[in-house]
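Bear in mind these aren't lab numbers, they're just calculated from the coordinates by the rules spelled out. Predicted, not measured: the structure shown is a model, and the values here were computed from it. Cβ atoms come from the backbone with ideal geometry, glycine included; neighbour counts cover every protein chain shown.
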Amino acid sequence: MSYVDEVFDLVVAKNPAQPEFHQAVKEVLESLRVVIEANEEAYRKDALLERLVTPERQLLFRVPWVDDKGQVQVNNGFRVQFNSAIGPYKGGLRLHPSVNLGIIKFLGFEQIFKNSLTGLPIGGGKGGSDFDPKGKSDREVMAFCQSFITELHKYIGADTDVPAGDIGTGAREIGYMYGQYKRITGLYEGVLTGKGLSYGGSLARTEATGYGLLYLTEEMLKCNGKDIAGKTVAISGSGNVAIYAAQKAQQLGAKVVTVSDSTGWIYDPEGIDVALLKEVKEVKRARLTEYAAARKSAEYHEKKNGEHGVWNVKCDVALPCATQNELDLDDAKALVANGCIAVAEGANMPTTMEATEYLQKNGVLFCPGKAANAGGVATSALEMSQNSERLSWTFEEVDAKLKGIMVNIFHNLDDAAKKYGMAGNYVAGANIAGFLKVAEAMTAQGIV
Ligand code: NDP
Ligand code: 2IT
C-alpha cells in the first residue's frame, strides 16, 4: 500500500467519529500523492506524514460560568496546537454549539497549510468551544470569555500561540478575552489578534478576510482572461467574512445578489445593501428577516430541509462564506447549470469533495479556502508585527500589503499546480505549495 494511503487509514483508525478531520486530511493527502511518491522512502523513514497529521498538543478543558439567572453553565473548551514548524501557533477560536474536537482538528490542520501559504512565520492552531453566543447577554458572553481565557492563558502568548476570531468570536469576545489575559498575566502583549483599534488592533483586520477573498478572486479571474467587474456574485453567510466580501465585490464593480444565515437567505436582485446588512448583523445582531423588512427589492426565503438556497440563484461567481460542507454536489450541479465560472471559498472547507470535483471537471475555476481566505490570518500576522514594534500602520499600508499577499498566494499555487503537471488545479497547487515549506522546516529541525 502507498505511504499516503497507509497514513490516511491510520488517521481514520486513530481518530474515530471525526469525519470533518478525515475529510480535510484526505483532500490534502490526495493532492500530495505526486510529491510524496517521488520521495516516498525518505518521508516514510522520517514518519513525516504521521507527524504532520498528529497535533503537537491538544488542550481540552472545562469552562464553567454563571448565567443571568444565577445558574452555573458548563462548556467544553478546546485548543489544538497543531504544528509550530514555521512559527508560533496561529489560528482562530470558534464559538458555536456544533464545535467538537474533530471540527477543531480539521480547522487546525487546514490552518497549517494556509498559514504557510501567506509566506509569513506562523504555525497552525485552532480552538473554541461549544458555547453559543447567540441570545446571550453581554454579561453572559463576558463571563464565558473570562472563564475560557482563565484556563487557556497558561498555554498561549505573543511568541507561543496567538488566537483570534472565527465563527461566533468577533471584536466583543476578543476584547473580553484580552482584558482577562492582561489582568491575570500583567502583560500588555500581542497575545490575541482582531483586537479593537484602541488597544493594539490593526486597521483593516476586520475587513481582511473578505477583502482578501476578492483580491484573490480578481487575480484568478484576470489570469484566466476574465474580469470581476460586471459579474453577478452569490455569497452565503452574513457574518464577518460575507459582509466584507460583499463590500469589496461591489467596490470592484460586481453585483452581489445573495447572503444567508443559519435560518434563511436573501435574494436581492438590485444588489445587497451592505450598509443595511451591517446595521442588521453587526449592530443589532438580528436575523435577515430584518434586512428584508427594510428593503423593498429583497426576497427572504426560509431554509427548509437543510437546503442551502443561495446556490440555486443564477450567478457568475459563487463565494461560500458561512461554514463547512455548505456547498454539496446538488449545489455544484445547480451552479454549473446556471453558468457559474468561478468558486472561491471564504469559509473553511465549505465545499464537499464531490462538489469540488464536479466543479473542476466542469471547467469552473475553484480556489480552496486555505488560499482564498488566508487574508484574515495574514493580516493577523501583520497585527502581530505592529504589536511587536509598538507601532500602528495606516489602513492603506495594511490593505496594500494584504493585496500583495493575496496576489502572491494565487501565483504560488498556480505555479505549483503547473510544476506538478496539474495546471489549473488550484486545490492541488495550494496543498503542495503549503506543504513543501512546512515539510522542509520539519525535516531541518529533526525528529521533534
Ligand atoms: P461569523 O460568526 O461572523 O459569521 C458566520 C456566518 O455563517 C453567519 O451568517 C452564520 O449564521 C453562518 N453560519 C455559521 N454556522 C452555520 C451553520 N452551521 N449553518 C449555516 N450557517 C451558519 O463568522 P465568520 O464570518 O468569521 O466565519 C465564516 C467562515 O469563514 C467560517 O468557516 C470561518 O472558519 C471562516 N474564516 C473566518 C475568518 C475570519 O477572519 N473571521 C478567516 C478565515 C476563514 P448565523 O448567524 O445564523 O449562525
Ligand atoms: O480560519 C482562519 O484563518 C481564521 N479564523 C483567522 C485566524 C487568525 O488567526 O486570524
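List every residue whose amide H lies under 5 Å from the amide H of Val343, counting only residues 5 or more places away in sequence or on a different chain, with H placed 1.01 Å from N in the peptide plane.
Ala318, Leu365, Phe366, Cys367
From the phi of every residue in segment 97-107, what ³J(HN,Hα) in whole Hz does the Karplus formula 6.51 cos²θ - 1.76 cosθ + 1.60 yield, where θ is phi - 60° and glycine or proline is x?
x, 7, 5, 9, 4, x, 5, 5, 5, 4, 5
Under the Karplus relation 6.51 cos²θ - 1.76 cosθ + 1.60, θ = phi - 60°, what is the ordered set of whole-Hz ³J(HN,Hα) values for segment 367-376, x standing for Gly and Pro?
Per residue, the Karplus-derived 3J(HN,Hα) values read 10, x, x, 5, 9, 5, 9, 6, x, x Hz.
Evaluate E = 1/(1 + (r/R0)^6) for Glu151 and Tyr199, where r is the Cβ-Cβ distance and R0 equals 25 Å; express this FRET efficiency to the nearest 0.05.
Working: r = 22 Å, r/R0 = 0.89.
Once the sixth-power term is evaluated, E becomes 0.65.
For segment 157-236 and segment 58-83, write down the distance between their C-alpha centroids in whole Å.
One Cα centre to the other: 23 Å.
Hey, quick one: spin label on Ile447, modelled 7 Å out along Cα-Cβ, who in segment 6-45 has an amide N within reach, i.e. under 19 Å?
7, 40-45
Less than 17 Å from a label point 7 Å out along the Cα-to-Cβ axis of Ala337: which backbone N atoms in segment 306-327 qualify, by residue?
Hits in segment 306-327 for Ala337 at 17 Å: 307-316, 327.
Per q in 0.08, 0.16, 0.17, 0.19 1/Å, what log10 I(q)/I(0) does a Debye calculation on the alpha-carbon atoms of segment 110-267 return?
For segment 110-267 at q = 0.08, 0.16, 0.17, 0.19 Å⁻¹, log10 I(q)/I(0) is -0.30, -1.03, -1.12, -1.26.
With springs connecting C-alpha atoms under 10 Å apart, model the chain as a Gaussian network and identify which of Val11, Val66, Val407 has the largest mean-square fluctuation.
In the Gaussian network model the winner is Val66.
Compute, for segment 249-310, the length of the dipole vector about the Cα centre, with Cβ point charges of +1 (Lys, Arg) and -1 (Asp, Glu) only. Units Debye, rounded to 20. Don't jump to the answer; show the numbers that get you there.
Working: 10 positive and 10 negative charges, 25 e Å.
In total the dipole reaches around 120 debye.
Please give the contour-minus-distance gain from Thr160 to Lys26: 0.36 nm per residue of separation, less the Cα-Cα distance, rounded to one decimal in nm. Numbers along the way, then the final one.
Working: separation 134, 0.36 × 134 = 48.24 nm, distance 2.84 nm.
That pair, Thr160 and Lys26, stretches by 45.4 nm at full extension.
Can you list residues whose amide H is under 5 Å from Gly264's amide H, if they're 5+ apart or on another chain and H is modeled 1.01 Å from N?
When sequence neighbours closer than 5 places are left aside, the close amide H contacts are Lys303.
Among Val313, Val80, rank each residue by its count of other Cβ atoms within 10 Å, from fewest to most, as a rough exposure measure.
By the 10 Å Cβ count, ascending: Val313, Val80.
From the alpha carbon gyration tensor of the chain, can you work out the equivalent ellipsoid semi-axes (sqrt of 5 times each eigenvalue) and give them in Å, largest to smallest? Walk me through the numbers on the way to the answer.
Working: eigenvalues 177, 171, 88 Å².
The equivalent ellipsoid of the chain has semi-axes of 30, 29, 21 Å.
For segment 117-224, what is the charge dipole size about the Cα centre, in debye to the nearest 20, if Lys and Arg each add +1 at the Cβ and Asp and Glu each add -1 at the Cβ? Can you show the working numbers first?
Working: 11 positive and 13 negative charges, 51 e Å.
Dipole magnitude for segment 117-224 comes out near 240 debye.
Starting from the Cα-Cα distance between Glu357 and Glu270, subtract it from 0.36 nm times their residue separation and give me the gain in nm to one decimal.
Values: separation 87, 0.36 × 87 = 31.32 nm, distance 3.21 nm.
That pair, Glu357 and Glu270, stretches by 28.1 nm at full extension.
At R0 = 30 Å, how high is the FRET efficiency between Met1 and Asn408 if r is their beta carbon distance? Nearest 0.05 is fine.
Values: r = 37 Å, r/R0 = 1.24.
Result of the calculation: an efficiency of 0.20.
Taking the beta-carbon count within 10 Å as an exposure proxy, list Ile104, Ile174 from fewest neighbours to most.
On the way: Ile104 30, Ile174 24.
Taking fewest neighbouring Cβ atoms as first place, the list is Ile174, Ile104.
At 0.36 nm per residue, minus the direct Cα-Cα distance, what do Val12 and Ser388 gain on full extension? Give it in nm, one decimal, please.
Full extension from Val12 to Ser388 adds 131.3 nm.
Can you compute the equivalent ellipsoid semi-axes for segment 283-378, i.e. the square root of 5 times each eigenvalue of the Cα gyration tensor, sorted largest first and rounded to whole Å? Please list the in-between numbers first.
Details: eigenvalues 118, 62, 30 Å².
The equivalent ellipsoid of segment 283-378 has semi-axes of 24, 18, 12 Å.
Pull up all non-local amide H partners of Ala85: gap of 5 or more, or a different chain, and H-to-H distance under 5 Å with H placed in the peptide plane.
Amide H neighbours of Ala85: Gly124.
Over all directions, what mean area does the Cα convex hull of segment 1-153 project, stated in square nanometres?
Details: hull surface 40.7 nm².
Over all viewing directions, segment 1-153 projects a mean Cα-hull area of 10.2 nm².
Exceeding 20 Å between C-alpha atoms, which entries from my cross-link table qualify? They are Lys226/Lys314; Lys105/Lys370; Lys248/Lys278; Lys126/Lys248.
On the way: Lys226/Lys314 18 Å; Lys105/Lys370 14 Å; Lys248/Lys278 14 Å; Lys126/Lys248 27 Å.
From Lys226/Lys314; Lys105/Lys370; Lys248/Lys278; Lys126/Lys248, over 20 Å: Lys126/Lys248.
Please report the spacing between the Cα centers of segment 104-150 and segment 283-350 in Å, no decimals.
Here the answer is 24 Å between Cα centres.
What distance in nm lies between label points placed 7 Å from Cα along the C-beta direction at Thr185 and Glu396?
3.5
From Cα pairs below 8 angstrom and at least 6 apart in sequence, can you work out the relative contact order of the chain, rounded to a whole percent?
Working: 917 pairs, mean separation 68.1, N = 448.
Answer for the chain is 15 percent.
Got a sec? Which residues in segment 363-379 would a label at Asp415 touch, if it sits 7 Å along Cα→Cβ and we count backbone N under 12 Å?
none
Among Gly421, Gly339, Ala246, which residue has its Cα furthest toward the positive end of the charge dipole of the chain, with +1 on Lys/Arg Cβ and -1 on Asp/Glu Cβ?
The listed residue farthest towards the positive side: Ala246.
What number, rounded to the nearest 500 deg cm²/dmol, is the helix-based mean residue ellipticity at 222 nm of the chain, given -39500 (n - 2.57) per DSSP H run of at least four residues and division by all its residues?
Values: 17 runs with 213 residues, N = 448.
Mean residue ellipticity, 222 nm, calculated: -15000 deg cm²/dmol.
Compute, for the chain, the length of the dipole vector about the Cα centre, with Cβ point charges of +1 (Lys, Arg) and -1 (Asp, Glu) only. Units Debye, rounded to 20.
Working: 48 positive and 55 negative charges, 157 e Å.
So the magnitude is around 760 debye.
Work out the FRET efficiency for Ala293 and Ala171 from their Cβ-Cβ distance, taking R0 = 30 Å, and round it to the nearest 0.05. Each step should come with its number before you reach the end.
Working: r = 26 Å, r/R0 = 0.87.
It comes out at approximately 0.70.
Rounded to whole Hz and in sequence order, give me ³J(HN,Hα) for segment 78-87 from the Karplus expression 6.51 cos²θ - 1.76 cosθ + 1.60, θ = phi - 60°, writing x for Gly and Pro.
Karplus-based 3J(HN,Hα) across segment 78-87 equals 9, 8, 10, 9, 7, 7, 10, 4, 10, x Hz.
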